[in-house]
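Values in this text are rule-based calculations from the coordinates and carry no lab data. The structure presented is a predicted model; accordingly, all values stated were derived computationally and were not measured. Note that each Cβ is placed from the backbone with ideal geometry, even for glycine, and that neighbours are counted across all protein chains shown.
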Amino acid sequence: MTLPPSPEAALDDLLREDRRFPPPTAFRDGARVSDEAIYREAEADPEAFWARWAGELHWFTPWTEVLEWEAPRARWFSGGELNVAYNCLDRHLDGPRRNQAALIWEGEPGDTRTYTYWDLHRETSKFANALKGLGVGKGDRVAIYLPMVPEAAIAMLACARIGAIHSVVFGGFSPESLADRINDAEAKVLITADGGYRRGNVVPLKRNADQALERCSSIEHVVVVARGWNIARTTQTTLKPGRDLWYHDLVAEASADCPAEPMESEETLFILYTSGTTGKPKGVVHSTGGYLTQVYATTRLVFDLRDDDVYWCTADVGWITGHSYIVYGPLANGAAVVMYEGAPDFPDRGRFWEICEKYGVTIFYTAPTAIRAFMKWGEEWVGKSDLSRLRLLGTVGEPINPEAWIWYHRVIGGERCPIVDTWWQTETGAIMITPLPGVTETRPGSATRAFPGISATILSETGEEVPAGYLAITRPWPSMLRTIWGDDTRFRETYWSKWDGIYFPGDGAKREEDGYFWVLGRVDDVLNVAGHRIGTMEVESALVDHPAVAEAAVVGKSHDVKGQAIAAFVTLKEGRQPSDELAYTLKGHVAEKIGSIARPEDIIFSADLPKTRSGKIMRRLLRDIAEGKALGDTTTLADPDVVRRLKERYEEGA
Ligand code: WTA
């Protein structure tokens, strides 16, 4: 098996890790779950376990079957009808919760808005009616390209309310990436904003959207949120008559009475695009009943969520973490959710901690890449704010190195907060491997054990259980992806063809004798750059799209903050000369084609790329070169000298 280079190097460190952190007694005593019985209960009858959680939601019609499973096709709670927005909003309106904060939002410039459950219900209903007025109905696709503003959550919930399928596109993606996603899903309406704040600048979302729409024919209307009229001026937002409408005009006229559409449990709630091993992102399709059940249960147990908690997940709604753990999971639980628009270092590096103090955040969920950035910036920024209300910390998105874990524990958590290192994916929809904070002894760098009702193991290529190999999920789970939008063959091949009826997540992992999992990173051509998934092929296609480039091979190299960074080996067309300017141009070209998250860190020009005799690029060698490592066996190469020359080139440049 081929493990990516950085996790492999990290493996030794991880295995030397013998520090143990049992749940603090005070935490355990008050925790929702504080003993192992829940694992035994779930293991004895996983379907009954999940049915119990589903039963805590509101169903218009009860289900008849908990699970029908014919790999890879799962149907959870079939026959049942429910509505996700109803469960996130209406369900909380009968008791005192209706006047409690649902969304506590802060914009980057410091403006704030708080919505109670009552408010959020009203605003969602109005916007849902507005969408209906634009001809959006059940099953129609709606693209959402917004900054982190309350309207992003409202738009998602409004779609859910009327049974429209949303496809949220991260605001950092380029016009071209947006257009590809709109076209693949054939979205009818696009919801965007005049702009959004990021590090003091305005991201011109509407301008990007207009560019994207030159290549899209399915969009009938564009709804534009006025993030601030001042922004509208700086980004010269113009509305195209007949197509574009201001959000505030639409909701001003809309009725606040919009019944929630009963949805069959298996009907699609949303599509979310994620990177895979080809140049084309996959539209991961999630269901209604199963998805909500698992995000509801995991939010409640993994974060030990209570009525008096103030919960903050720093992800963007453009990623799965934002869908499941900013919007659907926490709101289904009636939580008070903090949402922040901007960068962690604006106006200074203490911004996150000021927000924690200001709103009294008790649960904080972020990515290891952010933690490593905080470490680098220094403890003094943290010390300026009072973090004593924090009681639980979480991480997600990539393996966390023990050093960062320990820093998080000590500096942010004041050595009193348990840390939940949660492993999951866009495809799994919800958390799969994680500690339960009142039960599980944690070990820095380990996501510990499968959540109750989830069955995970490690398999070899041929399907034998092994201590180190590929992570595998051996039973269906409620929030599993149902297919890839428009490409069921790719769904079957990507996830279900390695072993019979067992899900292949694409990660390498290792397990200790007592069952603790250590997830080491991707084993396919997917990079994890600052917690974002980027396909090497996507970056390669963007590079060869440039007129100077003949061929490109992209690999990941270790990076102390981002986890991985992108290194691109490029051969130029006849007559083109390598130069620093060209390297700079190519980096910019990738950022423009995909989005700045995909900008390569290094561009290495080379007359040739190392290939096997059958013409396959030897990525492994390129990775070694990018990591500055000694080279392994090069005898299978068509021209072994290529590697020597490349290595010399790289070292000259580095
Ligand atoms: C990685 C993010 C180690 C993994 C929710 C996975 C992790 C990919 C962890 C999914 C973790 C996520 N420890 N690795 N706790 N969490 N990953 O789809 O490689 O953006 O396959 O979903 O991130 O990334 P995605």
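Peptide packing: for 313-319, 407-413, the average count of neighbouring Cβ atoms within 10 Å per residue gives the ranking 313-319, 407-413, highest mean first. Remark: the range 109-115, residue by residue, has Karplus-estimated 3J(HN,Hα) of x, x, 6, 9, 8, 10, 10 Hz, where x stands for each Gly or Pro and the curve is 6.51 cos²θ - 1.76 cosθ + 1.60 at θ = phi - 60°.
Ordering Ala297, Val439, Ile400 by the projection of their Cα atoms onto the charge dipole of the range 297-452, which places +1 on the Cβ of Lys and Arg and -1 on the Cβ of Asp and Glu, puts Val439 at the extreme positive end. Looking at the square roots a ≥ b ≥ c of the eigenvalues of the Cα gyration tensor of the range 110-152, which shape do they give, rounded for a/c under 1.5, prolate if a/b is larger than b/c, or oblate? Oblate is the answer for the range 110-152, as a/c is 1.5 or above yet b/c matches or exceeds a/b.
Measuring nothing but how far apart in sequence close Cα pairs (under 8 Å, 6+ apart) lie, relative to its length, the chain scores a relative contact order of 14 percent. Rounded to the nearest 20 debye, the dipole magnitude of the chain is 860 debye, with +1 charges on Lys and Arg beta carbons, -1 on Asp and Glu beta carbons, and the Cα centre as origin. A straight line joining the Cα centroids of the range 415-443 and the range 74-108 runs 23 Å.
Across the range 286-417, the relative contact order, built from alpha-carbon pairs under 8 Å that are at least six residues apart, equals 23 percent. Dipole magnitude for the range 552-596: about 140 debye, using +1 per Lys or Arg Cβ and -1 per Asp or Glu Cβ, origin at the Cα centre. Contact order for the range 368-495, expressed relative to its length and based on alpha carbon pairs under 8 Å spaced 6+ residues apart, stands at 17 percent. Take the Cβ atoms of Trp69 and Lys616, set R0 to 35 Å, and the FRET efficiency comes out at 0.40.
Just order 137-145, 269-277 by mean Cβ neighbour count inside 10 Å, highest at the front, would you? If you can, show how the numbers build up before the last one.
Numbers: 137-145: 20.6, 269-277: 23.3.
Output ranking for 137-145, 269-277: 269-277, 137-145.
Legend: distances between Cα atoms for Lys188/Lys593; Lys126/Lys282; Lys132/Lys206; pairs beyond 26 Å are Lys126/Lys282. Within the range 369-423, the GluC sites (Glu not before Pro) that combine a DSSP coil assignment with at most 13 other C-beta atoms in a 10 angstrom radius are Glu415. Computed over the chain, the per-residue total of -39500 (n - 2.57) for DSSP H runs of n ≥ 4 gives a 222 nm mean residue ellipticity of -9000 deg cm²/dmol, rounded to 500. Overall, the range 526-653 carries a charge dipole of about 380 debye about its Cα centre when +1 sits on the Cβ of Lys and Arg and -1 on the Cβ of Asp and Glu, all other atoms neutral. Expressed to the nearest 5 percent, the antiparallel share of DSSP beta bridges inside the chain is 60 percent. Please give the residues of the range 30-59, grouped as numeric ranges, whose backbone N is less than 18 Å from a label point set 7 Å along the Cα-to-Cβ vector of Thr474. 39-47, by backbone N distance to the label point.
Comparing Cα centroids, the range 465-497 and the range 559-612 end up 32 angstrom apart.
Most tightly packed first, judged by the mean number of other beta-carbon atoms within 10 Å of their residues, the peptides 450-456, 304-310 read 450-456, 304-310. Each of Tyr197, Gly469, Trp499 was scored by the projection of its Cα onto the charge dipole of the chain, and the greatest displacement toward the positive side belongs to Tyr197; charges sit on the C-beta of Lys, Arg, Asp and Glu.
Scalar couplings 3J(HN,Hα) for the range 198-204, obtained by applying the Karplus form with A = 6.51, B = -1.76, C = 1.60 to θ = phi - 60°, are 8, 6, x, 9, 9, 7, x Hz; x denotes Gly and Pro.
Kirkwood-type hydrodynamic radius, the range 526-653: 14.7 Å, calculated from all non-identical alpha-carbon pairs. Here the spin labels are modelled as points 7 Å beyond Cα on the Cα-Cβ line, and at Asp608 and Thr238 they lie 5.3 nm apart.
Modelling each spin label as a point 7 Å along the Cα-to-Cβ direction, I'd like the Glu441/Arg576 distance in nm, to one decimal. If labels sit at Glu441 and Arg576, their model points lie 5.7 nm apart. Centre-to-centre separation between the Cα atoms of the range 242-270 and those of the range 178-211: 19 Å. Apply 1/(1 + (r/R0)^6) to the Cβ-Cβ distance of Asp386 and Arg40, taking R0 = 41 Å, and write down the FRET efficiency to the nearest 0.05. The computed FRET efficiency comes out at 0.50. Neighbours of Ala553 by Cβ distance under 12 Å: Lys/Arg scored +1, Asp/Glu scored -1, total +1.
Please compute, over every Cα-Cα pair in the chain, the percentage with a separation greater than 42 angstrom. Roughly 22 percent, once rounded to a whole number. Name the residues of the range 373-388 whose amide N is less than 20 Å from a point 7 angstrom out from the Cα of Thr112 along the C-beta direction? The answer is 382-388, whose backbone nitrogens lie closer than 20 Å to the label point. Note on Ala48 and Gln100: with the Förster distance fixed at 35 Å, the Cβ-Cβ geometry gives a FRET efficiency of about 0.65. Bridging of Lys376 to lysines at a Cα separation below 27 Å is possible for Lys358, Lys384, Lys557, Lys562, Lys587, Lys629, once same-chain residues fewer than 8 apart are set aside.
Here the simple spin-label model places points 7 Å from the Cα toward Cβ, and for Glu403 and Phe60 these points are separated by 5.5 nm.
Annotation: amide H-H contacts under 5 Å for Ile144 (H modelled 1.01 Å from N, sequence separation of 5 or more, or interchain): Ser167, Val168, Val169, Ile191. Please name which of Tyr340, Ser255, Thr321 has its Cα lying farthest along the dipole of the range 234-361 towards the positive end, using unit charges on Cβ (Lys, Arg +1; Asp, Glu -1) and the Cα centre as origin. The Cα lying farthest towards the positive end belongs to Thr321. Neighbours of Asp140 by Cβ distance under 14 Å: Lys/Arg scored +1, Asp/Glu scored -1, total +1.
How would the range 388-458 be classified by its alpha-carbon gyration tensor: rounded, prolate or oblate, with rounded meaning a/c under 1.5 and the a/b versus b/c comparison settling the rest?
prolate
Stretching the chain fully between Asp29 and Arg644 yields a gain of 215.3 nm (0.36 nm per residue, less the alpha carbon separation). Give, as a single signed number, the net charge of other residues whose beta carbon lies under 12 Å from the beta carbon of Val202, with Lys and Arg counted +1 and Asp and Glu -1. Charge balance in the 12 Å sphere: +3.
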